[in-house]
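Novice: Sharing a structure, written as structure tokens. Questions coming.
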Amino acid sequence: MLIHGGTLVCMDAARTVMRGDLLVADGRIAALGPGIPAALAALPGARAPESFDARGALVLPGLVHAHLHLCQTLFRGLAEQSDLLRWLRESIWPLEAAHTEASLAASVRLGACELLAGGVTCVNDMGTVHHTDVLGETLAETGLRAIFGPALMDQGEGVPARLLEGSGRALEQALALARRLRASDSGRLSVSLAPRFILSCSERLWRDVTDASREHGLLVHTHLAESPIEGGEVKAAVGSHAAPYFAAHGVLSPRFVGAHGVWLDAGELELMRAADAALVHCPGSNLKLGSGIADVRAWRRAGVRCGLGSDGAACNNRLDTFAEMALAAGLARAKHADDPLAAADVVALATCDGAAALGLAHAIGSLEVGKRADVVVIDVSQAHHAPFATRDPYTTLVHAARASDVRLTMVDGRVLVERGRHRTLDPERCAEEARVEAEALVARAGLAGGVRR
Ligand SMILES: [Zn+2]
């Protein structure tokens with residue numbers, strides 16, 4: 001496919017922005033720059049490629065969503081006005097424990113409709129304890145690039161028995177799934193280990209996860225330093241905050257991806273940097289749960305790799321990277337009025353830096369010849385972008401663009417959404433399936449108004 005006539009926002013090291021075309025072949029970016037149609041026409045026996053008109057649009061590497069819980073999409077709007085620990089114990093864990101294979105698949109599909117329509121091409125997803133095979137099969141159906149793994153939890157106040165009892169097997173199943181995917185898949189899907197957070201995981205579990213991550217090269221995806229109340233309970237439970245605990249137990253490594261990090265101090269950031277561990281900023285979730293405001297400028301200044309995510313739909317409630325970019329920029333400005341994050345740095349969080357945080361910088365995150373063709377096209381020709389949409393494309397993307405401006409979402413050279421039409425999912429059917437499954441799930445969980453009474 002030839003994507004022609006757009007403004008290419010490459011997100012390469014030089015931050016190249018140019019008018020031009022992008023040629024996709026065999027799932028990769030084959031060429032980019034001005035004059036590709038003419039070069040193609042000059043080739044002997046050249047076949048005209050399928051083409052996509054990107055005039056009036058920005059062409060970007062696909063958006064990387066670095067912290068997500070697709071199993072929670074069915075819980076959207078069910079658990080409001082809560083803080084982190086109450087929200088988990090009274091609502092989210094009972095709901096996750098009530099998932100069946102069918103409700104989990106419906107939850108994943110519903111989230112994927114929204115993500116793909118909004119230009120997300122790669123997700124780092126924390127599953128629930130059970131049904132990780134179904135999570136992987138459903139992600140495969142959607143066409144998304146994904147790292148996913150079971151949430152691991154083997155202790156903790158308020159954790160339902162059904163989640164606790166699955167944990168021993170969940171780690172074994174994740175390792176088996178990782179072996180299967182390595183043997184069979186194109187590399188689009190891969191497995192992580194996702195111990196939920198310190199309060200739900202024993203020292204033994206952290207050790208097992210750390211050993212398995214090292215042995216099999218798998219990401220460790222977890223939460224840390226999210227809210228002050230959680231921090232207090234962590235300190236009471238293990239005698240220190242999360243980052244020093246992880247450092248002391250060898251959990252931090254280049255394969256570590258920690259969501260939130262709202263309350264990390266300078267010394268803890270230095271532990272993250274020294275281990276080359278990554279953090280994921282989830283500003284919408286942090287605001288809605290009242291957790292606080294992460295200092296992403298300080299993360300970057302400390303040299304910590306970092307990406308951007310929305311977290312799950314139960315605590316945001318949008319799965320919308322554009323909304324998160326605007327929040328990230330605004331909050332950084334409020335924290336550092338004189339020296340905020342540049343708009344280009346915010347776009348980087350959602351593209352090249354997010355890919356690097358997930359260990360995927362060699363394959364995705366920028367428009368460069370040879371990289372996988374994960375590409376999005378964003379229309380900036382409408383009134384809400386006028387009059388200077390392409391003068392500073394980063395500002396346009398962060399402060400004016402909306403998920404509904406996405407015109408093309410492509411993963412591995414395969415078109416998944418084109419001008420609002422999904423190729424792998426039927427959003428109306430997914431929404432209907434979600435309504436049916438969510439009602440049955442709430443009844444199984446025994447929740448009134450989303451909260452266990
Ligand atoms: Zn989360």
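Novice: Limited to the range 251-288, what total is found for residues that are part of a loop (DSSP other than H, G, I, E, B) and closer than 14 Å to GLY309 by Cβ? Explain how you work it out, then say what you get.
Specialist: Applying the first criterion (part of a loop (DSSP other than H, G, I, E, B)) to the range 251-288 yields 251-255, 261-265, 275-277, 282.
Narrowing further to those that are closer than 14 Å to GLY309 by Cβ: 261-262, 282.
Final tally of qualifying residues: 3.
Novice: Return the pair list, or none, for Cβ contacts closer than 7 Å from residues in the range 302-330 that are within 26 Å of ILE92 (Cβ to Cβ) and assigned to a strand (DSSP E or B) to residues that are hydroxyl-bearing (Ser, Thr, Tyr) and more than 15 Å from the ligand (Cβ to nearest atom), at least 6 apart or on different chains.
Specialist: LEU308/THR321
Novice: What's the number of the condition ALA57 fails, among (1) open to solvent by less than 20 Å² (accessible area, probe 1.4 Å); (2) closer than 18 Å to ALA313 by Cβ?
Specialist: (2)
Novice: On to the next question. Within the range 331-373, can you find the residues that are part of a loop (DSSP other than H, G, I, E, B) and either aromatic (Phe, Trp, Tyr) or open to solvent by less than 10 Å² (accessible area, probe 1.4 Å) (or both)?
Specialist: Quick first cut of the range 331-373, residues part of a loop (DSSP other than H, G, I, E, B) only: 336-342, 350-351, 358-371, 373.
If the condition is that a residue be part of a loop (DSSP other than H, G, I, E, B) and either aromatic (Phe, Trp, Tyr) or open to solvent by less than 10 Å² (accessible area, probe 1.4 Å) (or both), then ALA350, THR351, LEU358, ILE364, GLY365, SER366, LEU367, ALA373 are the ones that fit.
Novice: Just to be sure I understand, how many residues within the range 179-207 are over 19 Å from the mean Cα position of the chain (by Cα) and buried (at least 20 other Cβ atoms within 10 Å of the Cβ)?
Specialist: So in the range 179-207, the residues over 19 Å from the mean Cα position of the chain (by Cα) come out as 179-186, 198-207.
After this cut, where a residue has to be buried (at least 20 other Cβ atoms within 10 Å of the Cβ) as well, the list is 198-201, 205-206.
The qualifying residues number 6.
Novice: Tell me the residue from ALA225, ALA237 that is within 22 Å of the chain's Cα centre (by Cα) and closer than 23 Å to GLY158 by Cβ, please.
Specialist: Details: ALA237 fails: within 22 Å of the chain's Cα centre (by Cα).
It is ALA225.
Novice: Sticking with this structure for a sec: Restricting attention to the range 60-77, and to residues there that are assigned to a loop (DSSP other than H, G, I, E, B) and within 16 Å of the ligand (Cβ to nearest atom), which single residue is least open to solvent (accessible area, probe 1.4 Å)?
Specialist: Taking the range 60-77 as the starting set, the residues that turn out to be assigned to a loop (DSSP other than H, G, I, E, B) are 62, 69, 76-77.
Restricting the remaining residues to those that are within 16 Å of the ligand (Cβ to nearest atom) gives 69, 76.
Details: HIS69: 5, ARG76: 85 Å².
The extreme case among them is HIS69.
Novice: So in the range 124-166, with the set limited to residues that are open to solvent by 10 Å² or more (accessible area, probe 1.4 Å), free of Cβ contacts under 8 Å to residues at least 60 places away in the same chain and touching an Asp or Glu at 6+ places or on another chain (Cβ under 7 Å), which one is farthest from ARG414 (Cα to Cα)?
Specialist: The qualifying residue farthest from ARG414 (Cα to Cα) is LEU164.
Novice: Can you pull out every residue in the range 284-303 that is open to solvent by less than 10 Å² (accessible area, probe 1.4 Å), closer than 12 Å to GLY261 by Cβ and in contact with a helix residue (DSSP H, G or I) (Cβ under 8 Å, 6 or more places away or on another chain)?
Specialist: Residues satisfying the conditions are SER291, ALA294, VAL296, TRP299.
Novice: Take the residues of the range 25-45 that are open to solvent by less than 50 Å² (accessible area, probe 1.4 Å) and either part of a loop (DSSP other than H, G, I, E, B) or aromatic (Phe, Trp, Tyr) (or both): which is nearest to GLY62 (Cα to Cα)?
Specialist: Within the range 25-45, the match that is nearest to GLY62 (Cα to Cα) is GLY27.
Novice: How about the range 81-123: which of its residues are among the hydroxyl-bearing types (Ser, Thr, Tyr) and surrounded by fewer than 20 Cβ atoms within 10 Å (Cβ to Cβ)? Spell out how you get there, then give the answer.
Specialist: The initial filter retains those residues of the range 81-123 that are among the hydroxyl-bearing types (Ser, Thr, Tyr), namely 82, 91, 100, 103, 107, 121.
Residue satisfying the conditions is THR100 alone.
Condition check ((1) modelled with pLDDT of 90 or more; (2) under 22 Å from ALA373 (Cα atoms); (3) touching a Lys or Arg at 6+ places or on another chain (Cβ under 8 Å)) across all residues:
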{"residue": "ILE147", "(1), (2), (3)": "yes, yes, no"}
{"residue": "PRO150", "(1), (2), (3)": "yes, no, no"}
{"residue": "MET153", "(1), (2), (3)": "yes, no, yes"}
{"residue": "GLU157", "(1), (2), (3)": "yes, no, yes"}
{"residue": "LEU163", "(1), (2), (3)": "yes, no, no"}
{"residue": "SER167", "(1), (2), (3)": "no, no, no"}
{"residue": "ALA170", "(1), (2), (3)": "no, no, no"}
{"residue": "ALA174", "(1), (2), (3)": "yes, no, no"}
{"residue": "SER184", "(1), (2), (3)": "no, yes, no"}
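Novice: Run LEU22 past the list (1) open to solvent by less than 20 Å² (accessible area, probe 1.4 Å); (2) hydrophobic (A, V, I, L, M, F, W, C); (3) not in a strand (DSSP E or B) and report the number of the one that doesn't hold.
Specialist: Of (1) open to solvent by less than 20 Å² (accessible area, probe 1.4 Å); (2) hydrophobic (A, V, I, L, M, F, W, C); (3) not in a strand (DSSP E or B), only one is false for LEU22: (3).
The values are calculated or read from the model by the stated rules, or taken from the named source; none is laboratory data. Just so it is clear, the structure is predicted and the values come from calculations on it, not from any experiment. Note that each Cβ is placed from the backbone with ideal geometry, even for glycine, and that neighbours are counted across all protein chains shown. Ligands, DNA and RNA are stripped out before the accessible areas are found, and what is left, the full protein with its side chains, is counted by its heavy atoms. Shrake-Rupley method; radii C 1.70, N 1.55, O 1.52, S 1.80 Å.
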